[in-house]
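Chemist: Structure below; questions to follow.
The values are calculated or read from the model by the stated rules, or taken from the named source; none is laboratory data. If you're wondering where the values come from, they're calculated on a predicted model, not measured in any experiment. FYI the Cβ positions are ideal-geometry reconstructions off the backbone, even for glycines, and counts take in every protein chain you see. Remember, those area values only see protein heavy atoms, side chains included, never the ligands or the DNA or RNA. Shrake-Rupley method; radii C 1.70, N 1.55, O 1.52, S 1.80 Å.
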Amino acid sequence: MLWSLLRGLRVPAGISVLLGLLHMVPVALMPLAIGRAIDAAIQSGLGPQLWTWIAAILTLGLLQALGVGFLEFWSTQLWIQAGVRVQRAVLEHAARLGSVLPRQIRAGDVVAVGSTDVYSIGNLLGCIGRTAGSLVAFIVVATVLVTQSPLLGAVVLVGVPLATLGMAPLFGPLRRRAEAHRDEVGAATSLAADIVSGLRVLRGIGGERRFGDRYAETSQRVRMAGVAAGRTESWLSALELLLPGLVTVGVTWLGARLASSGDITVGELVGFYGASAFLVIPVSIASDTVTTTTEALVSAGRVTTILNLRPALDSPPNPTPLSAGPLGLDDPDTGLHCPPGRLTVITPSGPGDELADRLGRFVETPVLAGGVPLAEADLGEVRRRILVAHNQDVLFSGRLAAEIGLGGSRVDLEEALWATDAKDIVDGLPDGIDERLAERGRQLSGGQRQRLMLARALTMDPDVLLLDDPTSAVDAHTESRIVRRVAALRKGRTTVVISHSPLWAAVADHRTSDQQAKEPTS
C-alpha cells in the first residue's frame, strides 16, 4: 500500500538519479584528470596536451557544479512530495476510520507519524540520486584504476567493499534501537496528549505532581533510548571514516612504492591518491543511506500499521438509497419509534451515547430509517443525512465562524447562535465571530462550549439530528430558552434528543424511553 503511494514519484526519482550521476561521476574523475594534467606538464610543459586536460578539468568542475545544484533541488522536491503523499494518505485514512482509530492505536503513534515518520520516508527518497550517483562513480573509478594499474585497482575493488561490509554488524542493532526509540517517543506523546486533555481535572484533584513525575519518567526512557541509538550511530560514523581511510593509506603507500620503482608515473600516483580519497565519499553516502533506510523502514512499518486498519463499518456492495424528505427512525429490537418530521425525546435507561451511536449507525444495528435498514444504506449517505452530536464532542482550533459552520452551513450562523442562546458568548469575545479558538475551545467554559457545539450541529441542518444530552452543562433558564428555540428552528425536521431533562420533554412532539419501548403493549 505504501509502495502504491510512492509509485507516482518514479519520474522525479529518475531525474534525481540522472542528476546524481551528473554530480558524482565528475567528482570521481576529477583527481584522475588532474593526474593526467600533471603528467602532461612534466612531459611537454605548457603544450596543447596540458591545455586539453585543463579544459577537461574545467568541464568536469562545471558539470559537478550544475549537477549538485539541480540535485539538491530535485532531492528536496522528492523529499517533500513523498512526505506530503504519505501524510495526506494517513490523514485521509484516519478520517475514514473515525472513532475506530483511537480504539485501535495510541494517539501518540498517530502524532508521531505526522511529525516524524513522514519525514523519515521522505529522506529515503531524497537520497536516491546521491546514492545511485556514488555507486556508478565507484564503478567508473574502479574500472579506470584497474586499467591503469591492476594491482592498485584490485586493492581498491577489494578494500572499499570490505570497508563497507565492516560496518554491517552495526546495522541490525541500529534498527532495533531506532524502533525502541520510536516506541518510546510514541508513548511519551500519548501520555502528553492525555495529560493536556485532562489538565483541568488534574488540577482539580491535585494530580499535577504525580502526572508530572510520570511524564518525567517517560521522558527519561525516551532520552535513554535516543542515547542508545545515537551511540550506535556514532560508532557507524567513526567506522565510515576509519575503514575507507585505511584503504586510502594502503593505496597511497603502495602507489608511492610503485611510483618510486617506475611502474606508475607521478601523475598516476596523484590520481590514485585522489581517487582513493574520493572513495571515502561513496562509503559515507552508503553508510548514511543505510541509516536513513533503517529509520525509513521503522517509520514505514508504523505508517503501514495505520493504513492497514479497517473501519468497523462499511457500505454494502449494492446499497439501498434512503427515501427523500424527513426520515423516521425505528429500532425493531427495542421498539423505539421516532416519527419523521417530529421532535422526539428519549429518556434513556443506560448511557445516552451508546443509544445515539446505535440510532446513528456507529455500531452494527438493525435500525431502519424511512423503512430502509441503515445496514443496507450507503454509509456516506447515512453520515450526510443523520448527524449524531455527542455531549463529549470537541471544538476545533481556528476562526470561530469557520469552526461552527463546518463544511458549508445550510442554516444561517446567526440563527443557530440565537437558537442556542450563544450570541452573548460571541459578543463577549474580543474579536467576536472572528475570534480564534484555542484547541478544544479551552478559553471557554463548559456551558459555552456546549452551546457552540449545539450551534455547530444546527448549522448542518441534517434530515435527522440526534442530540445526546445537549444542555447538561447550562443552567435551567438558559436551557428553557434553548429547547424552545431549537424546537422552533427544527420544526418539520426529524430531531431526536436523548435526555432526562423535563424541559426537553415539555416541548417534545413525541416522548418515549428505551425501557418503555422494550415492554410489550397490553
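Chemist: Take each of the peptides 295-304, 389-398, average the number of other beta-carbon atoms within 10 Å over its residues, and list them starting from the highest.
Modeler: Working: 295-304: 19.9, 389-398: 15.4.
Put in order of decreasing packing, that is 295-304, 389-398.
Chemist: Residue by residue through segment 457-471, which ³J(HN,Hα) values in whole Hz follow from phi under the Karplus form 6.51 cos²θ - 1.76 cosθ + 1.60 (θ = phi - 60°), with glycine and proline marked x?
Modeler: Result, ordered by residue: 5, 5, 5, 6, 6, x, 5, 10, 10, 9, 10, 9, 6, x, 10 Hz.
Chemist: Can I ask one more? If every alpha-carbon in segment 364-522 counts as one equal scatterer, what log10 I(q)/I(0) does Debye give at q = 0.17 1/Å?
Modeler: -1.05
Chemist: Counting heavy atoms of the protein chains only and a 1.4 Å probe, report the per residue accessible area for segment 420-522 as a whole number of Å². The partial results should precede the final answer.
Modeler: Values: 4890 Å² over 103 residues.
Averaged over the residues of segment 420-522, the accessible area is 47 Å².
Chemist: What FRET efficiency do you get for residue 261 and residue 146 if R0 is 22 Å and r is their Cβ-Cβ distance, rounded to the nearest 0.05? Show your work: numbers first, answer last.
Modeler: Details: r = 19 Å, r/R0 = 0.88.
The formula returns an efficiency of 0.70 here.
Chemist: What residues have an amide H closer than 5 Å to that of residue 513, excluding those fewer than 5 places away on the same chain, when H is modeled at 1.01 Å from N in the peptide plane?
Modeler: Correct list: 347.
Chemist: Applying the Karplus parametrisation 6.51 cos²θ - 1.76 cosθ + 1.60 with θ = phi - 60° to the phi angles of segment 281-290, what ³J(HN,Hα) value in whole Hz is obtained for each residue in order, glycine and proline being reported as x?
Modeler: Per residue, the Karplus-derived 3J(HN,Hα) values read 5, x, 5, 5, 5, 4, 5, 4, 5, 5 Hz.
Chemist: Against the 2.2 N^0.38 Å scaling, with N counting residues, where does the chain land? I'd like the Cα-based Rg ratio to two decimal places.
Modeler: Details: Rg = 34.3 Å, N = 522, 2.2 N^0.38 = 23.7 Å.
For the chain, the normalised Cα radius of gyration comes out at 1.45.
Chemist: Per residue of segment 305-311, in order, report the coupling 6.51 cos²θ - 1.76 cosθ + 1.60 (Karplus, θ = phi - 60°) as ³J(HN,Hα) in whole Hz, putting x for Gly and Pro.
Modeler: Computed from phi, the couplings for segment 305-311 are 4, 5, 5, 7, 5, 10, x Hz.
Chemist: Further question: For the residue pair residue 461 and residue 96, what label-to-label distance in nm results when each label sits 7 Å from Cα along the Cα-to-beta-carbon direction?
Modeler: 3.1
Chemist: Shifting gears a bit: Could you work out how much longer the chain between residue 394 and residue 111 gets when fully extended? Use 0.36 nm per residue separation minus the Cα distance between them, nm to one decimal.
Modeler: On the way: separation 283, 0.36 × 283 = 101.88 nm, distance 1.80 nm.
Using 0.36 nm per residue and subtracting the Cα-Cα distance, I get 100.1 nm.
Chemist: Taking 0.36 nm per residue of sequence separation and subtracting the Cα-Cα distance, how much length would be gained by fully extending the chain between residue 472 and residue 378, in nm to one decimal? Before the final figure, lay out the partial values.
Modeler: Numbers: separation 94, 0.36 × 94 = 33.84 nm, distance 3.27 nm.
Result: 30.6 nm gained on full extension.
Chemist: Counting only heavy atoms of protein chains, what accessible area per residue, in Å², does segment 60-103 have with a probe of 1.4 Å?
Modeler: Details: 2530 Å² over 44 residues.
About 58 Å² of surface per residue is accessible.
Chemist: Report the Cα centroid-to-centroid distance between segment 484-500 and segment 113-133 in angstrom, as an integer.
Modeler: 53
Chemist: Sticking with this structure for a sec: Only helical DSSP H runs with n ≥ 4 go in: add -39500 (n - 2.57) per run for the chain, normalise by residue count and round the 222 nm mean residue ellipticity to 500 deg cm²/dmol.
Modeler: Helix-only estimate at 222 nm: -22000 deg cm²/dmol.
Chemist: Could I ask something else about it? Ranked from the most accessible area to the least, with a 1.4 Å probe and all protein chains present, what is the order of 399, 456, 257?
Modeler: Numbers: 399 105, 456 30, 257 140 Å².
So the residues, ranked largest to smallest area, are 257, 399, 456.
Chemist: What distance in nm separates the simple spin-label points at residue 210 and residue 402, each placed 7 Å from Cα in the Cβ direction?
Modeler: With each label placed 7 Å out from Cα toward Cβ, I get 4.0 nm.
Chemist: Roughly how many percent of the accessible protein surface of the chain is carbon and sulfur, given a 1.4 Å probe and a whole-percent answer? Don't skip to the end; give the middle numbers.
Modeler: Details: 15400 of 25540 Å².
So the carbon and sulfur contribution to the accessible surface is 60 percent.
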